[in-house]
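Novice: My questions will all concern the structure given below.
The values are calculated or read from the model by the stated rules, or taken from the named source; none is laboratory data. Treat the numbers as computed from the prediction; the structure is a model and nothing was measured. With ideal geometry, Cβ positions are generated from the backbone for all residues, glycine too; neighbour counts draw on all protein chains shown. Areas reflect the complete protein model, heavy atoms only, side chains present, ligands, DNA and RNA absent. Shrake-Rupley method; radii C 1.70, N 1.55, O 1.52, S 1.80 Å.
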Amino acid sequence: MNASTDRPRALPRPLALPDFPWDTLAPYRARAAEHPGGVVDLAVGTPVDGTPAIAREALAAAANAPGYPAAIGTSALRAAIIDWAARRRGVTGLTDAHVIPTIGSKESVALLPLQLGARPGDLLLHPRAAYPTYDVGARIAGAAPIPVDTDADPATWDLPDGAGTPERPIAMIWLNSPGNPDGHVLDVDQLARIIAWARERGAVVASDECYAELGWEAPWDAEPIPSLLDPRATGGDMTGLLALYSLSKQSNLAGYRAALLAGDPALVGVVTEIRKHTGMIPPAPIQAAMAAALGDDEHVSAQREVYRARRDALVEATAAAGLVGDPASVAGLYLWLGLPEGAAARSAYELVGAFAELGIVVAPGDFYGEAGAGRVRMSLTGTDERVAAACERLRSTDLFRR
């Protein structure tokens, strides 16, 4: 048959996804690379420090893995997750039915709405300043992503007409605490308010908590950042609630794609069945490494102090350059920076350009929604040497005061 007369293919049908934002940084990366002292890339929160020996040794010991691993995770890994949740997150009462390992946490952020059955007409709420994948995950499922101020009382959230009706149900609410990019933390009272509001409307609440070990300012420098599953917030009832956690940040396991999902057994069960059918299973050696890392607090504390020192240096240097941080940015892996009140307005990309002149790459706040206008996100994930170089350049520039 002549190709010109063939019926058009039904697939692929493009999904209504935004452009991949990081591609827009290419010219700024090129400009930064021209700096005689070399580039300092603080745009992406990818760990640069070594994977802890306890995880590498467990990985090697489990390397002979000829059989298929279990989607639900090994019994040793599930026990490690349950123990870790009680010890580090204050979440008690978990059983094997409450937990499952995942292939990193980004796949859950992107696919959880689809796995739970979100569909066109559903509204999926997410933080105003947010990691772009919450928006993408809603779109993959055909649902509508709606940014809201998760720091505020949910009774004040600005929602579209018809929100919460049978035609436009609020199906899911994403939380992110500590927040990426803004470093905001939701306390127990705010979590409880959101849980109660969601339950009145039949909405699932999912919380991305991968930065929970990185608290810098009071009270979170001295006490644990609360989980969505904290009994003080849930009243002891996890119905409709899911928490995600990743070992990428606390344990430098980004390359291992090691994460977990915990919460309502009914929701975990639905996700588990889909993962079984689709073969979305963390490899057995990775599961062994996860169990080892979750059982060891010493390397987590050591890594936190590394990030604390880098953060202190970058906070001082960016202030010296004339930039100001978000005062509510008290935790997490990033600085959320802008110009002081009264300064001439500059777009986020103009600020990215100024950083590029110094050989420093940062991310424009526009990547994270309209709330990021005029801001940039700076990661703490540079080596000590590169962070020191960035600080030296920032202390000696007037680019942000012009």
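Novice: Which ³J(HN,Hα) values, rounded to whole Hz and listed in residue order, are derived for the stretch 226-236 from phi using the Karplus coefficients 6.51, -1.76 and 1.60 in 6.51 cos²θ - 1.76 cosθ + 1.60 with θ = phi - 60°, glycine and proline given as x?
Specialist: Calculated HN-Hα couplings, in order: x, 8, 4, 8, 4, x, 5, 8, 8, x, x Hz.
Novice: Taking amide H positions as placed 1.01 Å from N in the peptide plane, with prolines and chain starts having none, which residues 5 or more places from residue 207, or on another chain, fall under 5 Å of its amide H?
Specialist: Result for residue 207 returns 175, 242, 243, 244.
Novice: Right, another one. Binning at 10 angstrom from zero up to the longest distance, how are the C-alpha pair distances of the chain distributed in percent?
Specialist: Whole-percent P(r) values from 0 Å outward: 5, 22, 30, 26, 13, 4, 1, 0.
Novice: Alpha carbons only, please: Rg and Dmax for the stretch 176-252, in angstrom.
Specialist: Computed over the Cα atoms of the stretch 176-252, radius of gyration and Dmax are 12.6, 39 Å.
Novice: Taking a ≥ b ≥ c as the square roots of the Cα gyration tensor eigenvalues, with a/c under 1.5 meaning rounded and otherwise prolate when a/b beats b/c, else oblate, which class fits the stretch 258-402?
Specialist: prolate
Novice: Between residue 148 and residues 5 or more places away or on another chain, which pairs have amide H atoms under 5 Å apart, with H built 1.01 Å from N, and which residues are they?
Specialist: So residue 148 has HN proximity to 126, 128.
Novice: Quick check for me: using +1 on Lys/Arg Cβ and -1 on Asp/Glu Cβ, what's the dipole size of the stretch 319-402 about its Cα centre, in debye to the nearest 20?
Specialist: With only Lys, Arg, Asp and Glu charged at Cβ, the dipole is about 100 debye.
Novice: Sort 12-20, 309-317 for me by packing, meaning the mean count of neighbouring Cβ atoms within 10 Å per residue, highest on top.
Specialist: 309-317, 12-20
Novice: So if I place +1 on the C-beta of Lys and Arg and -1 on the C-beta of Asp and Glu, and nothing else carries charge, what would the dipole magnitude of the stretch 43-184 be about its Cα centre? I want it in debye, nearest 20.
Specialist: Taking the Cα centre of the stretch 43-184 as origin, the dipole is about 480 debye.
Novice: So if I take the alpha carbon set of the stretch 70-122, get Rg, then get Rh from the Kirkwood formula, what is the Rg over Rh ratio?
Specialist: 1.07
Novice: Take the eigenvalues of the Cα gyration tensor for the stretch 311-375, scale each by 5, and report the square roots as semi-axes in whole Å, largest first.
Specialist: After diagonalising the Cα gyration tensor, the semi-axes are 16, 15, 13 Å.
Novice: For the charge dipole of the chain, defined by +1 on Lys and Arg C-beta atoms and -1 on Asp and Glu C-beta atoms about the Cα centroid, which residue among 399, 32, 114 has the Cα displaced farthest towards the positive pole?
Specialist: Towards the positive end, the residue furthest out is 114.
Novice: What does the highest-first list of 380-390, 130-140 look like by mean Cβ count within 10 Å?
Specialist: Output ranking for 380-390, 130-140: 130-140, 380-390.
Novice: Grab the eigenvalues of the alpha-carbon gyration tensor for the stretch 153-294, scale each by 5, take roots, and send me the semi-axes largest first in whole angstrom.
Specialist: Working from the Cα gyration tensor, I get semi-axes of 27, 22, 13 Å.
Novice: Label points 7 Å out from Cα along the Cβ direction at residue 189 and residue 385: separation in nm?
Specialist: Taking the two extended label points, one gets 4.8 nm.
Novice: With r as the distance between the Cβ atoms of residue 6 and residue 316 and R0 = 51 Å, compute the FRET efficiency 1/(1 + (r/R0)^6) and round to 0.05.
Specialist: Efficiency computed from Cβ-Cβ geometry: 0.20.
Novice: Further, regarding this structure: Select from 383, 18, 176 the residue farthest towards the positive end of the dipole of the chain; place +1 on Cβ of Lys and Arg, -1 on Cβ of Asp and Glu, and compute about the Cα centre.
Specialist: Going by the charge dipole, the pick is 18.
Novice: Can I ask one more? What residues have an amide H closer than 5 Å to that of residue 71, excluding those fewer than 5 places away on the same chain, when H is modeled at 1.01 Å from N in the peptide plane?
Specialist: none
Novice: State the Cα centre-to-centre distance between the stretch 308-353 and the stretch 120-170 in whole Å.
Specialist: Their Cα centres are 28 Å away from one another.
Novice: Across the stretch 203-209, in residue order, what do the Karplus-derived ³J(HN,Hα) couplings come to in whole Hz, using 6.51 cos²θ - 1.76 cosθ + 1.60 with θ = phi - 60° and x for Gly and Pro?
Specialist: Each residue of the stretch 203-209 in turn: 9, 6, 10, 10, 10, 8, 10 Hz.
Novice: Share of the stretch 210-303's accessible area from carbon and sulfur, percent, 1.4 Å?
Specialist: Whole-percent figure for carbon plus sulfur exposure: 56.
Novice: Calculate one ³J(HN,Hα) per residue across the stretch 59-71 by plugging θ = phi - 60° into the Karplus curve 6.51 cos²θ - 1.76 cosθ + 1.60, and present them in order as whole Hz with x for glycine and proline.
Specialist: Values per residue, Gly and Pro as x: 4, 5, 5, 9, 5, 7, 10, x, x, 5, x, 7, 4 Hz.
Novice: Restricting to the chain, compute how many DSSP beta bridges are antiparallel as a %, nearest 5.
Specialist: 50
Novice: Shifting gears a bit: By how many nm would the segment from residue 349 to residue 151 lengthen if fully extended, with 0.36 nm per residue of separation less the alpha-carbon distance?
Specialist: Here the segment from residue 349 to residue 151 would lengthen by 68.7 nm.
Novice: Let me know the charge dipole size of the chain about its Cα centre in debye, to the nearest 20, where only the beta-carbon of Lys, Arg (+1) and Asp, Glu (-1) is charged.
Specialist: Using only the charged Cβ atoms, the result is roughly 1020 debye.
Novice: Counting Lys and Arg as +1 and Asp and Glu as -1, what is the net charge of the other residues whose Cβ lies under 10 Å from the Cβ of residue 32?
Specialist: -1
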